[in-house]
Amino acid sequence: MHWAEKIADRIIKRNPDKEEYVCAAGISPSGSIHIGNFRDIATSLFVAKALQKKGKKARLLFSWDEYDRFRKVPVNVKAVDPDNEFEKYIGLPYTSVPNPFDTEHANYAKYFEAEFMESIKKFGIDMDYRYQTDMYTSGKYKDDIIEAVRKRKEIFDILDSFRTQDAQEGERDAYFPVSIFCPECGRDTTKILSVSDDCTIVEYECECGHRGTFDLTKDFNCKLAWKIDWPMRWRYEGVDFEPGGKDHASPGGSYETSSVISRKIFGWEPPMFQGYEFIGIKGSTGKMSGSSGLNLTPETLLKIYEPEIILWLYSKTEPKKAFDFCFDEGILRQYFEFDKMYNEYIEGKANEHNASVMEYSLIESRKIKTVPMNLLVQLGSIVDFNVPMMETVFEKIGTPYKYEDFDTRLELAKYWLYQCAPETANKLRGWRDWDLYNTLTDDEKKEIALLYDFIKAGGYTLDSLNTKLYDIPKEVYGADIENLKKIQGQFFKIVYKLLISKERGPRLYLFLYAIDRERFMHLLDFSFPKTEEEEALEKAALEAEKEPEKEEKVYGEPDEVKPIVEPEITVDQFFAMDLRVCRIVKCQEIRKAHSNYKLTLFDGLKERVIVSSIKNDYTPEELEGKKIIVVANLQPARLTGVTSEGMLLAGTNNACGCQVIFVDDIVPEGTRIC
């Protein structure tokens with residue numbers, strides 16, 4: 001039985017007579033929606049389909065949590081915001097932040113929502129959308145908010161029961177489960193000072209200096225805290241099932257806390273919950289990554305995966321198990337496995353489980369054409385993905401696919417090969433490899449000459465070419481030679497290296513048969529000396545491969561070691577400094593700054609930015625990905641127009657210049673140095 005059907009059975013058992021079941025998912029439009037978040041949707045989608053398969057009415061409810069606060073500026077927004085203007089919007093709801101891009105979308109949230117929803121259409125997923133800005137600002141939640149304010153102390157006690165630290169004196173009395181967005185500055189940097197006896201009128205003040213009165217019955221620019229908002233919406237929408245990442249599913253995590261609030265505060269049995277593992281990325285993303293960051297959105301993956309295969313990966317993998325999206329050759333294996341299961345399903349040969357996996361993966365009105373992806377990649381790279389030539393090649397090798405059979409996958413194969421794995425492309429050499437040829441034995445040279453003569457003569461079939469490739473070593477060494485298979489393998493390696501400078505490639509007989517012999521035959525002909533043209537091509541290639549020489553830094557004599565004159569500090573004073581290991585995510589130049597870099601760091605909890613004057617000592621490439629030590633609790637300061645949230649540790653001496661103290665990669669981000 002498919003995992004989604006097992007969950008559906010439990011949902012029905014809990015509430016067998018419900019008219020319509022609600023499977024929920026939700027995402028905050030904080031930036032481009034990562035493919036990992038898509039597991040939220042896929043899990044609920046499959047459970048809703050399983051309920052429908054069992055004859056029940058079910059819908060997929062999707063919440064855009066767009067009334068959440070804007071917390072940080074994502075990488076792709078920073079790329080179009082060199083002056084860091086968007087940092088001033090932190091604390092506003094996403095729908096109050098302007099659209100960072102030159103598009104028609106009304107605001108920040110709408111841009112990223114539209115980006116995601118456009119890709120969702122390609123998966124054939126029908127969702128009932130809820131826009132939380134509309135829900136809050138229209139007053140639909142006003143009674144629920146007032147209820148939470150009235151029960152605020154009970155809510156505090158629940159939250160406090162999950163904390164490891166004791167509450168401070170007066171903290172319970174000062175707690176409110178709702179944040180007000182200030183009408184002056186728009187941010188949620190407000191603090192409620194008092195509340196009326198009926199819990200409908202509150203007085204508040206904001207960090208911007210504004211003070212005011214807020215009527216919860218008619219002022220709606222406020223929002224419940226996440227762990228109260230979540231169970232409130234379970235009750236409001238009648239949610240029966242909702243998944244979440246394993247962080248929410250952990251003991252004492254968001255789901256457990258919100259479940260207690262749901263029962264004790266809102267009197268609602270929380271929905272069935274399914275925690276899920278996060279998604280991995282296997283292999284290098286090649287040219288898809290860069291200084292602007294890699295946005296692994298569904299749209300990005302649709303450049304190399306068919307939508308059904310993305311759904312299939314989620315469908316065949318139980319939520320608690322991880323799986324990888326592959327940017328390396330693993331993707332070819334995934335296509336192969338999908339095609340095998342799909343063909344068995346179409347032919348009625350799939351077992352019950354595999355049939356269910358496939359049913360949840362397929363998109364109505366779309367037909368899959370299982371032209372082997374590895375064949376498209378291998379042959380496409382040989383003929384530069386020229387469609388008429390590919391049709392000819394397929395015809396010649398006995399698989400007469402036409403363009404309409406492989407049109408969709410051709411573009412995916414081409415994109416994967418050139419953008420993700422260009423090193424795997426099979427490109428014919430531009431000139432004869434004399435360096436390799438001169439290392440060959442006389443017998444190996446004889447093998448190459450026999451192959452050249454056979455190709456030049458022409459008139460061969462695919463089968464006769466295959467036979468000849470295995471016979472050539474026999475002709476040279478004798479059919480009874482020991483280790484014949486090893487000798488044949490070595491012969492194949494030499495041919496590959498002479499043609500594509502690699503020891504392996506597509507099946508050799510297919511490779512030689514598919515290509516016009518005039519394109520490669522000269523690479524096997526060593527009957528005449530190296531030409532001037534070959535000399536020039538080889539020299540140009542060597543020059544191109546040379547790395548630019550690094551400018552060697554010249555240092556002087558060590559500085560004089562001076563006596564320690566600073567006053568002694570106590571152990572407590574030392575521990576007042578919070579020294580943390582951080583990873584450098586990104587290193588950027590700052591406009592008009594001669595010596596400063598803007599470093600974006602990950603400190604184990606979140607990203608932070610520091611400014612450091614090490615531009616004359618390091619390139620961005622020498623810093624990105626490295627781990628350093630940062631004074632994490634240093635008071636923020638504005639440096640060269642950027643707010644710096646810490647200081648890295650480095651040593652400076654005339655004998656070495658400025659040397660940043662790097663930490664071994666084995667040390668996790670967030671580790672405290674003491």
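Brief remarks follow.
- In this structure, the residue pairs whose Cα-Cα separation is over 25 Å, taken from K497/K539; K122/K369; K562/K592; K56/K246; K218/K606; K72/K218, are K562/K592; K56/K246; K218/K606; K72/K218.
- For region 383-452, the fraction of 1.4 Å probe accessible surface lying on carbon and sulfur atoms is 51 percent.
- Surface listing: I564, I304 arranged by accessible area from highest to lowest gives I564, I304, probe 1.4 Å.
- log10 of Debye I(q)/I(0), alpha-carbon scatterers only, for the chain at 0.09 Å⁻¹: -1.00
- Centre separation in Å (Cα based) which lies between region 38-57 and region 131-187: 32
- Region 258-273 and region 201-235 have their alpha-carbon centroids 21 Å apart.
- Atom-type composition of the exposed protein surface of region 1-149 places 47 percent of the accessible area on carbon and sulfur (1.4 angstrom probe).
- The residues R638, R583, R39, sorted by heavy-atom accessible surface at 1.4 Å with ligands and nucleic acids left out, run R638, R583, R39 from largest to smallest.
- Evaluated over region 516-674, the Cα radius of gyration and Dmax, each in Å: 24.7, 83
- Paramagnetic reach from Y403 (point 7 Å along Cα→Cβ, amide N under 15 Å) across region 363-383: none
- Alpha-carbon centroid distance for the pair region 382-437 / region 609-649, whole angstrom: 46
- Dipole moment magnitude, nearest 20 debye, the chain about Cα centre, only Lys, Arg, Asp, Glu C-beta charged: 1600
- Per residue, the accessible area of the chain comes to 52 Å² when a 1.4 Å probe rolls over the protein heavy atoms.
- Highest-first packing order for the peptide set 235-241, 77-83, 388-394 is 235-241, 388-394, 77-83, based on the mean count of other beta carbon atoms within 10 Å.
- For the chain, Cys with no neighbouring Cys Cβ under 4.7 Å: C23, C199, C222, C326, C420, C582, C587, C656, C658, C674
- Per-residue SASA entry for V660, accessible area with 1.4 Å probe, Å² rounded to 10: 10
- Solvent-accessible surface ranking, highest first, for W416, W431 at 1.4 angstrom: W431, W416
- Computed accessible area, K72, all protein chains, 1.4 angstrom probe, square angstrom: 110
The values are calculated or read from the model by the stated rules, or taken from the named source; none is laboratory data. On a predicted model such as this, the values are computed, not experimentally measured, just so you know. All Cβ positions, even for glycine, are placed from backbone atoms using ideal geometry, and neighbour counts span all protein chains on display. We work out accessible area using only protein heavy atoms, side chains counted, and drop any ligands, DNA or RNA first. Shrake-Rupley method; radii C 1.70, N 1.55, O 1.52, S 1.80 Å.
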